[in-house]
Every structure is written in structure tokens, then in C-alpha cells.
1. Could you list B:Lys50, C:Lys199 so that the one with the fewest beta carbons within 10 Å of its beta carbon is first and the one with the most is last?
2. Considering amide H positions built from the backbone, and no H for Pro or chain starts, which residues 5 or more places from A:Lys651, or on another chain, come under 5 Å of its amide H?
3. Work out how far the C-alpha atoms of chain B reach from end to end along every principal axis, then list the three figures in whole Å, largest first.
4. Which one of B:Val47, B:Val104, B:Val169 has the biggest mean-square fluctuation once chain B is modelled by GNM with Cα springs under 10 Å?
5. If you take every DSSP beta bridge fully contained in chain B, what fraction is antiparallel? Give it as a percent rounded to 5.
6. Any idea what % of Cα-Cα pairs in the range C:1-78 are farther than 14 Å?
7. How big is the Kirkwood radius of the range A:1-86, worked out from every pair of different alpha carbons and given in Å to one decimal?
8. Express in % the proportion of alpha carbon pairs of chain C at distances exceeding 34 Å.
Amino acid sequence: MEMEFTREIYWNVGHGFLTLGPMYLLALTAIAILAYGFLLRINVYKQGQSLARTDNPGQRTVNTIKTALLQTSVTRVTIPGIFHGLFFWGFFLLFIGTTIIVIQADFTDLFFGVKFLRGTFYKLFSITLDLAGLVAVIMLGALFVRRYILRPEGLETKRDDALMHGLLFAILLTGFIIEGARMAVTEIDSPLAVWSPVGFVLAKSMSSLDEGGLRSLHRFTWWFHLLMAMGFIASLPFTKFRHILTTSLNKFFADHGPTGKLATLDLEDEEAESFGVVTLQDYTWKDIFDADACTLCKRCQDRCPAFTTEKPLSPMKIINQLGDMAFQGKMDAVVDTFTRDAIWACTTCRACQDICPASIEHVGKIIDVRRSLVLMEGEFPGEEVMSAMEDTEVNGNPLGFGYASRGEWAEELNVTVMADNSDVDILYFAGCFASFDARNTKVAKSFVTLCREAGIKVGILGREEKCCGEPMRKMGNEYLYQTLAMENIETLERYNVNTVVTTCPHCFNTLAKDYRDLGLDIEVISHAVYLDRLMKDDRLSIDGADVSCTYHDSCYLGRHNDIYDAPRQLIGAAGGTITEMEKNRDQAFCCSAGGGRILAEEKIGSRINVKRVRMAAATGAHHLLSNCPFCLTMFEDGVKGAELEDQLIPKDIAEILVENLKKKTDSAARGPFIHSK
Amino acid sequence: MKILVCIKQVPDMESKFKVNGEGNWYDSSDLAWRMNEYDEYGVEQAVQLKEQIGDADLTVLCIGPDRVKETMKKALAMGCDRGAHIADDASYGRDPMEIAGIIVEFAKDKGFDLIFTGMQSQDRASGQVGVLVAEMLALPCVTTIIDFAFVDGEIQVKRELEGGIKAKVKTTIPALITCQLGLNTPRYPTLPNIMKAKKKELLSIPAADLLSVDTRQETAAMYFPEKKGGGRVLEGENTDLADQLIQILKEKTSVLA
Amino acid sequence: MKTLLVGEYRDAKLLGCNYDLIAFAEKIGGESAMFLVGSESELPPFDGPLYLADASEYGEYNPAVHRDLLVQVVEKEQPDVVVFSHSSYGWDLAPRLAYTMQAAQVSEVVDVVDSMPVVPVCNSKLRRNVKVHTAKAIYTLQAGAFTSSREPSGSPTVEKITTDSSATVIFEGYEEAEKGGVDLTKSEIIVSAGRGIGKPENVEMIAALAQVLKGEYGASRPVVDAEWVEHNRQVGTTGQVVSPKLYIACGISGAIQHLAGMKKAEFIIAINTDKDAPIAEVADILVVADLKQFVPALTEKLQAL
């Protein structure tokens, strides 16, 4: 009975040399072509500079296998992600299945007479593959409909895609035809047939043919299927099919560094003739490899705040243009291909990189070009940006205020200045906007008031504080950034500061990550997290009055640092009822001021900040809460631009907390607050 | 061709000024320093001329204490070949004739074909030094330039006059030009040029070696101007202020009649 | 005290600054003479000797020759102070005379206190009194600092002067400023935008306020230089000098060149976050507020009237 639940492998085509010979020859040829094709591509990657991305190979391998097998990245966007996932699993199972058959037929059975494709195992094997194939066909059909009939905006369809759809369909369909033809001859009356339901249906539909015809059909289709499959393998390097390897490998080579941290240039290098990326060859091999990993899924483009407001920047296009230049061996300046307007439009919000299922790193490539424009040409997106840089060189802030008045906002609250007394619990790094901008000094004052209530001794650097250098760095001015950073680090070290808290996510991100490359090694906390800790430690008593609000996750707290919950808890405690915007958390839409663009004028397309404000207004909430001085500035502006002044009020989370503060009189008696986690 | 550009280091005008202890100048503490804005245009034009000529040597000169060397480095990074720092801790107290005299002592035997200066400095704003240097060296001089071209040994410039009118003037080298705001767009130094500037020659010459002219005037007193008074100051919430202002407009003017 | 006034003549017309010179001479008192490279057909309303050189012969801009003509007059008249306007003509010519006379020049005089000329420092944030050590001195006067309340009158005694001095530069003529559009000198109500508006988009709110007041909008130099507003809306010495009934300066600190262009307005309102801005000197009302919030609020209220 057991022996019935099996089938003859190589039935009808023969198991001898006449079959195996050409089969293996074709396979070897296909693999050789595959190897050759990739070798050609590797030579192109090698044009780029070196980059070390093989540390922790064990972890990297695990990540790669998990992402590829579980399809975690691609299914983040459910439609059509799950279509791809199901298709992949279907096709992958079929591949495993075919491999198992080859192992038995050409190895264990051939040499050792061992057959395992029988009995219950075979039944399960058979039905799994049948269903896998069916799911694969259906999903492929769905993807086909999406691409060719629904035609989503921005999705580029090329000949490559037609070839891929065609080839995959052919392989799947011929697979079923082979099965159907075989079953029509061997299994039409067998109880085994039900374990291959799809094949069974096909077999039934072919039952009108006579055995001779069926065998011919079977044999022909078998060889055709083999040819298609080998063609598939050989075509890998030359078509978008390469993403099976390149996209998976890109996970292996992914950036494990602190999120969003740029490479620190060695500006002392006397040998360096050039800074930033001028020609394609200034990029690294990984930058070029990224282009090969791209499948033009356009998820980056869909989420880019610049692209969706009619600026000429498309992250996807940058990657593809880079790839084109690499494969054409172009030596001219990359900025002419990318265009300056596109390069300057980026806000470094990381929506592209965050969603990319192929682990492509878009942002660094753009900043690299900015670096060459600024450092090698002294070029900026506008005179207003050059002025801001010069103001920062003279007075340590891009707003044009005299450095000596940097701590004046704190005078009315008598905040301790480190130069007078450095015995404090935390150093509050206010940042340029909180120090000088009329709207944002309110946030600084709110934060200090909250700390006071919690019994925390706050110190500020005042006039000794300089811009953290972040907008300058993101604009490409690595030299000015490093100059400012070194000065700030020297000051912080001089005062033996242990803990820094900031109300600006850009300062936070820069001091916590970027400054480490330059030697700063202290604890840096964002105010959202810090206030949350104070609350959890019962040092802040907030008497929440019901406030209808929506909350904007800033890019530099959100996507750059995964801080999503602490601010929400704070708002909840303050009595806020958050009506979330559609695009929230990691899908939040940038306010437009990142990437140094707080210094620049927005001249092209429609206003990004107005677009975001309208998203907030659509929630019906009365307050738009944020955690960043740039966001707050952009929203105050955007609310006017959208003419929503009375309907939507922008505020910082520190402000909403201080407004609902119930004064505690015993905070000081609570003793010191342990700042390190 | 030999070119000289004279620059001055001035305080950033956004600084909070205080009068010094002697009461005869502003206190130099708590000030951020920068290149005199008019001189930035001079440096840029001089560098552009050097780039046009090719075989040209450009010297930047600055008088003042040691801190002015930072500003000179920016000029070097913009493209000047060498710097001549006239070390003088008391430069703030010197009158235009003395300053011009120092420059002339330095420049007189060096055969400069063209000298650029700013039209005036942002702090003292006497606007005399450039013209005085030209007179002392007997060079033709045109001031307040907002357009410059060097064509076949001839200098073709445009002066900016009141009302936005321009006067077209030309002369031959050697000559001296003083620059008005808007003459060009001063470049931002590139990093390789900043690096190179660190190695360029920057000599310090004590001012005493070059003092050739006596002082003709001095500051008797420096002080903050008295508020005129008579002007009302309104402060408060925007809506209240608007109401107040409208009331005043109705009372004091006829615009809302 | 004897003064020698150096008048100005351009494009075949006498310039307005000549009145300031005459008003200064009256304030100082004493004898006064005048020097002018101009034309017999355009004589300034000055009661005193006028040394006149023919502009059509010597050119309207010919500094070395003008200097030599002037030196002749100085030697003859022996004034204690030679007075120029602090103008594109004055600051070009005065130092040449200062060198020839080896006399101290004091630039941009705004006042005379205890016989000492007073000049602004650091964009008018400070002032200083100058003690001159030379027997003779040269002053250049800030535009509008010495205006007389009444129109001067008089006719000068003309003495023609000549020289055979050669020119060191060649003057080739004038180029008009960008034309077309608004003529602010004719506007009765002007609302001006300064650097304080922050960005070009905010010009709109200034224009809106001007519109609701049925006036025109202007701007200070930095706003025009940044190309946020066209040049014919620039108020100041290198733009338009205006004298409206109402002038509202928004986010304008009050650089001297701007003040010179609008000081004569009948009623001046300044909107600025800085209480110490120099514009407060000339303003009848200073509203301490952020113009970006206040201007729209004001406009709205005015619209509702």
C-alpha cells in the first residue's frame, strides 16, 4: 500500500544519460552564465571606493536569511507586499521541491537506492507543491493586474518586467501542464490524484487526448520547462531577477551604524584631493551595489516629502541614475545627472531608507554630493544659506544673533549658567532656536520649569554654547560642522558634563551619535524621554485637562531614533486625547525643515509644511503637538499658509505639560534623580 | 600684475555694544569679529581679477591686533596669495590719515598695479582711507564701485549714486578702487582653499615700523545717542496693539478718515 | 567761523543736499562761501560768494580736477571748515582735499556739540564727539541732519574759476536706475518691509497692509538686494527719498541710508521687536511686536472697519 503513494521521477523523459547529460549541461551552462554575468557586475561595483560591511558576519547572515525567507521588509506595505510574499513562498517551495526530487533521483536513489518521496511524506509533498504553485500563479496574476491594468502612479514598467512576468508564468504554467499530462496518463484513477488537486483538474481537462499525444505533450513541455528554468537562472544577472541575490545580499551588507549617522570625513587628510562625491567613482562599491538591489518598487518615492510636493527629487531615480552611470562607466560630475534642485531638496527624513525593502541607503548618497558642492565649490542652494553659514562662523548660530546674548532667554528664570556654577544634575543644551527664536524660547522656558518642578538642577552653557552644527553638516558643510562640534565637545568636557538633555531632536541626534565619532562619550537624552522618566518616577504631577490634539512624530525623534511612545505617554498624562494622523509613527510626513533646509527657502513646488498641517487639520484636532523646534516653526508658518490660525494651534509637548502642571512642593525632598538608565 | 586689497576686521553689527573704560571707543569684549562687509566685495573682486589675469599676485593687508589674522585667513582662503598683517593693538584709535599713512609706507615700493579697498568700514564709517591712500600714492581713484571690468589695461567701472543711478567711469592702471555693497557675490571659501590658506605667507609687521603720519583728530567721547523722546512705545498683545494703533491713526493722521 | 560749502550739481540740476549745506552754514553762523562745479543757469539760493566752475567744461565727475579747482578757492577764502555732503560726490572728493590741505576730515556729521562735530558709529548704535587737531577741518554732513525749516533764499555773487589741471579718470555718462512701476515719491501712505520680515513670502503681508490703507509698499535695501522686492520700491538714499503722510516701517532697524530716505514723512510708525532699533529715533510710534503676527492682525482689524 505504501508504495502506491509515490511517482516515478523522470517518467516518460527517461533517466539515462540522454536526459541527464543535456539536463546537467544546461544547468552548468546556466550557472556559468549566471556567474559570468555577476562577475561583470562585480567589476562595475569595484569602480567605487572601499567600504567595510562584513563585521559580525554571523548576525548579518541571520538577518539576511530571516528577511529573505520571512519576506519581512517587503510585506511592510501589505498591498502588494503580501502578493510578493505569497508568490515568493510559492515559488520557493516549488524550488525546494524540485531540489528534493533531484536529490533523490540523481543522488540517493541513483547511488544508494534510497527513495524518500513516498507514503505520507510524498502526499504532503505533493499537495504542498500543488498549492504553492497555485498560490504562485494567482499572486503572479495579481501582480500582473496591478502593474499592467491598474497601473499605479509612478510605477515604471519596462521590457524587463514583461520578460519577468512572461518567464515566471511560463515556468509555472508549464510545470502544471507537465503534471497534468503525467497524471492524465498515470494517476487519473488513482487515489493519489487528490493529493495533487491542481494537476488533477488539468489532467481531467486533457483526458480527451490519447496516451501518445499526452506523452508527447509531456516530454516536450518537460524540456521546455527545463529550458525556461535554466533560462531563468542564466538571465538573473541581466534582468531585474538579479534582485533575488542583490536585494538579499544588500541586507547582509546593510549599515549597522547608529541610524542616520553620516560618515565623518577626515578633513586633516593631507592626501585628500577631493571631498564629497564629484564623479561616480567617488561613491563606494556599496553605493553602486545599492542600484543593483533596487527593484523600482517606488515605495521611497511615494513617501518622499519632496517628491510628493512637486520637487524634482525622487530617491528611486537617484539610485537608478547612479546605477546607470556606473554601468555606463561615466566619468562626468554626478551632480549634473542628479540635478542641483533634486540634491538640495532632500530633508533627510529617512522615509525612503526606512521603508526600502532592499536596504538601500539613499540619504548618504545625496549628502555626499552636497559635500562636494559646498566643500569643493563653495556652492549652496541659495545665498540665504551661505549667509547662514557665515553668520554661524561669526556668532555660532545661523540666525544672525550676537553670541553674547545666547543665554538671555534664561535670565528671567535665573537658570544656572555653567560658567558660574557647574554643579548641576543635567546640562540643558538649548540649541539655536530655543535660545534666540521668539516662539521657541517658550519651549526652553517650559522645559526648565518642568525640571525645576521635578527637583532637577538644570545648567546651561549660555553664551558658551554653539550651534550643534547639524543643519550645516546636512547641507554638506562638514568643515564647519566639525569646527563647531570640536568647540562644543571641548566645552562639555571642560565642565565634566555627564548628562545632556535637549529639546531639539537635531541637537539630540547629533550629540548622541555624530559627536561620538569626534570623541564625545556622555549620555544624551531627548526631552520627550527625559520628561517621561521624570513622570514615571513620580516627580512630575500633571493634572490633565482634556485637550484634543494630534501628534506629529518628528523625523529625528521618530524614524531616526524610534522614539514614538514616550511622547504619547506624556501627552496622555497631560490630558491630551490624540487623534492620530493617517501618516504617523514611522510613516510620519516630514515638516520640511530637516536636511539643513531650515536654513533655506522652499522655492519649488508646493509647501511641504502646509501639506502636513492640512493632514493634522483633517484629524479634527485642535492642537498640533510636536517635539522639535523646526517642526514647531514650520507648523506656525504652515498654519498661516493654510489659513487655519484659529482652528489648529501648534505646540511643543513641553508646553502642553507645563500648562497642566500641578505643582509639587516636595520634589527636592525626593533626593537625587538617577539619570543613567 | 600685482594687486593689493586692504581689509579691516570689524565687530559683527548685531553685537551688544558697550563703551570702553576710557569712554572713547566701544569695548572689545563680548564682540564677535568679522571682515568688514565692504571689504568682502573688494577681496572677491581682487580674486576674480587675479583669476582673469592668470599671472597675478594678490596681497591682502590688514591693520590691527593679533585677532585680525583670523579674518585675514578668510581672505587667503578666498584666493589671496599672501597676507601682510600690520600688528597694531591701538589701531582702533588711529585716524584715517594715520591708517592711510601706514598702508602707503607698506605699499609705496611694491609697485601695485591695482589697490582695492572697501568704500568705508562698518564701525567708524569715515570712508576716507581708500581715497587718502590714492592721493598719497598719486594714483587715480574711483569710489563706490558696483561694477568692475578690466579690459586691455583699462579699468571700466560704474559708481553707485543716489537714487540708484550709475556713473560710468574709466581709468588706467595703476589705480585704486573703493568697493560698494553689491559689487559681486563674495565666494564661500572651499575646503581645499581653506587648507592651502593655512600654509600661505602671513607676515606680521609692527605698525611702529610703518607709522609715517601724525594724528590729526581723536575721539573725545563715545556714547549711546539719547533717545529722541516724543516717540511713544506700545507693547502688549497683538490684538490690543492693533486697536491702539488704529485709534492713534484716527486721532493723529487723516489716513482713516 | 568761516565755512566753505561744496555744492553738488548732477545731470544739469542742483541737488537737494545743497539746502542742507546752506542750513548748516546758518546754524554755525559766521561767514560762508560756496563752491560749485555747475552752471550759471542753475544757481543755488545762497547769499554769499559762489565760486563757479563750468560743469560742461570740467565734467560732473572729475575728482582730481574738482579738487584742484576747490583748492584754489580754499587758498583764497581760507575757511575754517570746508563742508561737503556725505554723498557719493562728497565722500569721493573730500578726502582728496583733506590730503592736499593736510587737514582732518570728519565724516557724516550729524550734530555739532561744544564746537565738536558729532558722528555716528556702528550703524548709528553709538555716537562720538571728534576733537580735531588741525587748524582747518573738513566735514561731510549726513543727509537730512541739518535741514532748515524754511526754504533758503538768496542770490550768490558768482565768481568763475578755471584750471588747466588734467583729469585722472574719464567719466562716460550716467546709466538710469531700473525704471517702470511704482513711484513711491508720489505715495501718501507707504508701508515698508525690512529684513525683519524674514522671508520673501512675507512681503505679501506688507503689501496687504499697504493695500488696506490704500497706500503703496516699499522696502529697505537688504530686502531689495535679496530680490524679494523690485528696486523701484527701495526707500533710502540709493533708492527713493519719500515724504508721505504716513510711513510704517516693518522689521526695519533703521540704517542711516534708509532713515535718510523716509525721515521727512509726516507720521512714522515703526514695528520692531527691538526697542533700541535706530528707527525709534525718528518714529512717532514704536510698536514692540513681531511683525509676522502683528501686521496680519492689524490688517484684519483695518479691513473690518
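Where a number appears in this text, it was derived from the coordinates with a stated rule and is not lab data. Because the structure is predicted, anything quoted here is derived from the model rather than measured. Here Cβ is always computed from backbone atoms with ideal geometry, including for glycine, and neighbour counts include all displayed protein chains.
1. By the 10 Å Cβ count, ascending: C:Lys199, B:Lys50.
2. Under 5 Å from the amide H of A:Lys651 lie the amide H atoms of A:Leu624, A:Leu625, A:Ser626, each far enough along the sequence or on another chain.
3. The Cα atoms of chain B stretch 67, 44, 40 Å along the principal axes, largest first.
4. Checking each option, the largest mean-square fluctuation is seen for B:Val169.
5. Once the DSSP bridges in chain B are tallied, antiparallel ones form about 35 percent.
6. 57
7. Result for the range A:1-86 stands at 18.2 Å.
8. 30
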